[in-house]
Amino acid sequence: MTEPNLTDDLPRVDLDFTEQPPIPPEGIARANELMASGRLFRYGETGSQELDVAQLEIEFAGLVGRRYCVAFNSCGASLAAALMAAGVTAGAPVLMNAFTLAPVPGAIAHAGGEPVFVGVTTDYRIDLDDLRSTAERSGARFLMLSYMRGHIPDMHQLMDVAGELNLTVIEDCAHTMGAGWAGQPTGTFGSVGCFSTQTFKHVNSGEGGLLVTDDDDIAARAILLSGSYMLYGQHGLVPSDEVFERHRYTTPNLSMRMSALAASVARPQLGLLAERAGIWNDRYKRLAELLDADPHIRVPERPGDEQYVASSIQFSVDGLSEKLMTTWVDVAASHGVQVKWFGRPEPVGFTSRFDHWRYANEQSLQTTSQVLRGLCDMRIPLAMTPDDCEAIAEVITGAIAGVTGKLE
């Protein structure tokens, strides 16, 4: 059969899906000051000579309403430190939802734990029934809860289940800075919350992670793990010396602290979170409405208590073969629309799934595999306009119509 031309009549979207807004002027000015001074290290031997990371810790803890914040050089580092600080030991099973990205099981491996995957529902959230059965089967006492791409489960139900199972909850909030459930910020439900300041997240420092907690001992261990040496007093928020005395001889220094430069460019962006969330959510709602109108596409409904910050959109295209999925995604790309598809047999770019992580014990999750088979993911850059939304939806729906109408 001759391959049809699937590109007729579809618009071309001239938008860089990875484009980021510029760093605020005050962040650029402070970074230049630091470079001119040469004082880029995180501590000073004769006193605190670099206050940027400490100030970021104070400001972010206040933003989310936690007593302590510890800044790391990546969110993955903060997740690993959170697990170690919370008591994960070598070989300990750690539950995690199977729909997430590679740094999450990587953090569990970094901490010496064993990833144990928990299934997800068709709306991309952790399956609480599977959480119960998997926790009981594995004997796990820790849950790394990933709000993958900003999808937040019913946190009241989840924490009730965690309480029943005696689970310590670590929240992976890489995609939920500024988001919450029923008025409570993510990162404040479990024992620890970890946020990202990687370039593609809500605050851009290039790379970085922010660990928040109310627990004195977890905070002290996290500070020591981050690489404080015995200069932990130079952190922005610290427990008492008595708490550090319990841990400073038994906690390794893993040299994972955030740099002064990263903190200097992140700090002025905290005040922009609400404005950015408004833009992202407006574009998300437009795209969701346009895409969900197509009979081949399903965009899960967002619960009323979920205060999301949608810097990306996910949707499912079910019932198409691997060939047809590959074809329409390629057609969309040829028109400037970059869609990531979790059903590809091999990992591509940032996109991989639980059966690709072969350092973890092999596990069969049939329902989750079916969900991921048709799951698509697309960034929403802040530069995206309402007109872009219309054109993007036209390309996606037109590409799908092309393959379903001409190739099946």
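Quick note: the coordinates plus some simple rules give every number you see, no bench work behind them. Computed from a prediction, not measured in an experiment: that's the story for all the values here. Virtual Cβ from ideal backbone geometry, glycine too; neighbours counted across all protein chains shown.
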Calculate one ³J(HN,Hα) per residue across the stretch 390-400 by plugging θ = phi - 60° into the Karplus curve 6.51 cos²θ - 1.76 cosθ + 1.60, and present them in order as whole Hz with x for glycine and proline.
4, 5, 4, 4, 5, 5, 5, 5, x, 5, 5
Per-residue HN-Hα couplings for the stretch 95-105, Karplus 6.51 cos²θ - 1.76 cosθ + 1.60 at θ = phi - 60°, whole Hz, x for Gly and Pro?
6, 7, 5, 6, 8, 7, 10, 4, x, 6, x
Distance in Å, no decimals, from the C-alpha centre of the stretch 315-371 to the one of the stretch 138-180 is 24 Å
To test your reading of the geometry: what angle, between 0 and 90 degrees and rounded to tens, separates the Cα axis of helix 322-334 from the longest principal axis of the chain?
80 degrees
With a Förster radius of 22 Å, plug the Cβ-Cβ distance of L165 and E346 into 1/(1 + (r/R0)^6) and report the FRET value to the nearest 0.05.
0.05
Show me, for the stretch 236-249, the HN-Hα J-couplings you get by feeding each phi into the Karplus relation (A = 6.51, B = -1.76, C = 1.60, θ = phi - 60°), rounded to Hz, glycine and proline as x.
x, 9, 9, x, 6, 4, 4, 5, 4, 4, 6, 10, 6, 8
I need the shape label for the stretch 272-406. Rule: rounded when a/c is under 1.5, else prolate if a/b > b/c, else oblate, with a, b, c from the alpha carbon gyration tensor.
oblate
DSSP beta bridges in the chain: the antiparallel percent, rounded to 5, is 65 percent
Per GNM of the chain with C-alpha springs under 10 angstrom, the most fluctuating residue out of L210, L95, L231 is L231
Quick one: angle between helix 75-86 and the longest Cα principal axis of the chain, in degrees between 0 and 90, rounded to 10, please.
50 degrees
At 222 nm, what helix-only mean residue ellipticity would the chain give, in deg cm²/dmol to the nearest 500, using -39500 (n - 2.57) for each DSSP H run of four or more?
-12000 deg cm²/dmol
Measuring from label point to label point, each 7 Å out along Cα→Cβ, what is the D292 to D241 span in nm?
5.8 nm
Fluctuation leader among R66, R221, R30 - the chain, Gaussian network, Cα springs under 10 angstrom
R30
